[in-house]
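The values are calculated or read from the model by the stated rules, or taken from the named source; none is laboratory data. Computed from a predicted structure; not experimentally measured. For neighbour counting, all protein chains shown are included, and Cβ atoms are generated from backbone atoms with ideal geometry for every residue, glycine included. Just the protein is used for accessible areas: all its heavy atoms, side chains included, with ligands, DNA and RNA removed. Shrake-Rupley method; radii C 1.70, N 1.55, O 1.52, S 1.80 Å.
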Amino acid sequence: MSFIVKNTTFPGLLDLLVPHSCRGCGLTGEPLCNRCKNYILKAHKNICPNCKKEKSSSTCKNCSDLPPLYVISDRNGLLGPLIHDYKYYSIRALGRPLAELLSTCLPQDLPKGSILVPLPTSTRHVRSRGFDHTYLIAKSLSKLRHLPLERVLIRNKNTTQVGSNREKRLSQASSAYQINPKAKIDPAKTYILLDDIWTTGASIKAAVKKLQQAGAKNIQIALLAYSIKD
């Protein structure tokens, strides 16, 4: 299957002026058609993004420190360019289909009282992109799965990890987040951390630690994709 992933300087404006076309095959009508969604889902494997090994359940026996984790697939193939267009070319219409893909990979029987917690995007990136890409996906997923959405985490400072090496990402992530003073952690609730791409895992691990320190007992992780290499 060949892909036609458009990269244009003004896709956000074009999406307002012309009908949507599938970012995968070019079919007019939707930003991601059902055929291309199914193609992405066929590539789904239950892989741990941390050790890159296949796992038989949501937990990884090799990475016992990680909470249950769900991810669509690696960022190769069509999924990576879709996320890239969504984030860096502000194709907001892709937020809904990306949330639909993630919803399909999550268990249907999520724990009662689950709360979606989007990993907060840096203020600088929100300004440059014009929207919070992670929150927008979380908002769509919240509607699809009828789950409450809460900004439990906030950025502690305007750190950025794009282009940083592994050591810098680990250092930055450790101090990047804090619990929102307006949030109240309930140990009986399940907090589902949502992020786009696992690269080194530094951001997710730091966020998990902050939630645990605040009293969260039940944490799960939902990701769009993971990098083959750190």
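Which of the residue pairs 42/143; 139/184; 184/210; 61/229; 182/209 have a Cα-Cα distance greater than 22 Å in the structure shown? Could you put the intermediate results ahead of the total?
On the way: 42/143 24 Å; 139/184 20 Å; 184/210 13 Å; 61/229 20 Å; 182/209 19 Å.
The answer is 42/143.
For a quick protection proxy, order the peptides 81-89, 198-206 by their average other-Cβ count within 10 Å, most packed first.
On the way: 81-89: 19.4, 198-206: 22.1.
Highest to lowest by the protection proxy: 198-206, 81-89.
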Accessible carbon and sulfur surface of the chain relative to its total accessible area, %, 1.4 Å: 50
Residue by residue through the range 174-191, which ³J(HN,Hα) values in whole Hz follow from phi under the Karplus form 6.51 cos²θ - 1.76 cosθ + 1.60 (θ = phi - 60°), with glycine and proline marked x? 4, 10, 7, 10, 8, 6, 4, x, 7, 8, 10, 6, 10, x, 7, 8, 9, 9
Scoring the chain by relative contact order with C-alpha pairs under 8 Å, at least six apart, yields a percentage of 20
With springs only between Cα atoms under 10 Å apart, run a GNM on the chain and tell me which of 40, 72, 115 wobbles the most. 40
Per residue, in Å², the accessible surface of the chain once ligands and nucleic acids are set aside, probe 1.4 Å: 51
So if each residue of separation counts as 0.36 nm, and I subtract the Cα-Cα distance between residue 126 and residue 180, what length gain in nm does that give? 17.6 nm
Hey, could you grab the Kirkwood Rh for the chain? Inverse mean 1/r over distinct alpha carbon pairs, Å, one decimal. 18.1
